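Q: The structure's right below; bear with me while I get my questions together.
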Amino acid sequence: MRHWGLHYMEALIDSLVSRYPNLEDIRGTITDAARLLIERLSAGNKILLCGNGGSAADADHIVGELGKSFSVPRPLAPEIAKNLLEVDSDRGRYLTTVLQTGIPAIALTHHTALTTAFSNDVDARAAFAQQTLVYGRPGDVLWALSTSGNAENILLSAITARAIGMSVIGLTGTTGGSLADYCDVCIRVPESETYKVQELHLPIYHLLCMILEETLFTS
């Protein structure tokens, strides 16, 4: 990572902790998660995300922040812009003005036909694990959200991810639950009640999205 990126990351984490002082003790874990994501994305890998209930909504929220501009411009690569114009000069010109470079991230919570078919035909508990097996590749990252860290479908997905050579980042409550055992990095916010855990998850994943964008798209 570039030195300016390190300084910027620390400044963002300082800002987060100033707003949420109870996160001071986990700032090192947040930094570790950011470094892992930057390393894997810089190598051309992608992120898979999963969660239940409010955490499912958070997984989708993260994908929304990563798939388009969040806080800084994300211009197309010149080669892509050139190719668009070659394929269709009129529509290609329009696409060069609206398309933005994204960070590849897939929420495993929205493939309704697949998850319901697998749940009906096989076992709903392994629906996220099935998708992890299908979409995951060695070097990818599973970003698993669970307020308790004990949701069985999340655990099965994490085990599958590890088995195929993916890294796992957990975003949990204070204990980390069983999920912590399968994580390369587990961010355990200092709360145990579900809504309080989720209230702290949001500023953390916003911070990580901002760090990724600034590191990958700003020179």
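Q: Sort through L49, L37, L41 and tell me the only one that's over 14 Å from E213 (Cα atoms) and assigned by TED's automatic domain parsing to the domain that holds Y135.
A: Result: L49 is the single residue among L49, L37, L41 that is over 14 Å from E213 (Cα atoms) and assigned by TED's automatic domain parsing to the domain that holds Y135.
Q: Give T147, T215, T172 a once-over and let me know the one that is farther than 19 Å from G53 by Cα and crowded, with 19+ Cβ neighbours inside 10 Å.
A: T215
Q: Let me ask something else about it. So which pairs qualify, if the first residue must be in the stretch 107-126 and outside the structural domain of N52 (by TED's automatic domain parsing), the second must be β-branched (V, I, T) and loosely packed, with under 13 Cβ neighbours inside 10 Å, the Cβ gap must be under 9 Å, and the two must be at least 6 apart or on different chains?
A: none
Q: May I pose another question? In the stretch 27-56, what residues are of a type in the set (A, V, I, L, M, F, W, C) and free of Cβ contacts under 8 Å to residues at least 24 places away in the same chain?
A: none
Q: Just to be sure I understand, how many residues within the stretch 129-171 are in contact with a Gly (Cβ under 9 Å, 6 or more places away or on another chain) and either among the β-branched types (V, I, T) or modelled with pLDDT under 95 (or both)?
A: Count: 4.
Q: Turning to a different aspect of this structure: Being of a type in the set (A, V, I, L, M, F, W, C), within 24 Å of T194 (Cβ to Cβ) and either assigned by TED's automatic domain parsing to the domain that holds D140 or touching an Asp or Glu at 6+ places or on another chain (Cβ under 7 Å) (or both) is true for just one of I13, I62. Which residue is that?
A: I62
Q: So D32 clears everything in (1) acidic (D, E); (2) loosely packed, with under 13 Cβ neighbours inside 10 Å; (3) in contact with a strand residue (DSSP E or B) (Cβ under 8 Å, 6 or more places away or on another chain) except one condition, right? Which one?
A: (2)
The values are calculated or read from the model by the stated rules, or taken from the named source; none is laboratory data. Since the structure is predicted, the reported quantities are computational estimates derived from the model, not experimental observations. Every residue, glycine as well, gets a Cβ built from its backbone with ideal geometry; the counts of neighbours run over all protein chains shown.
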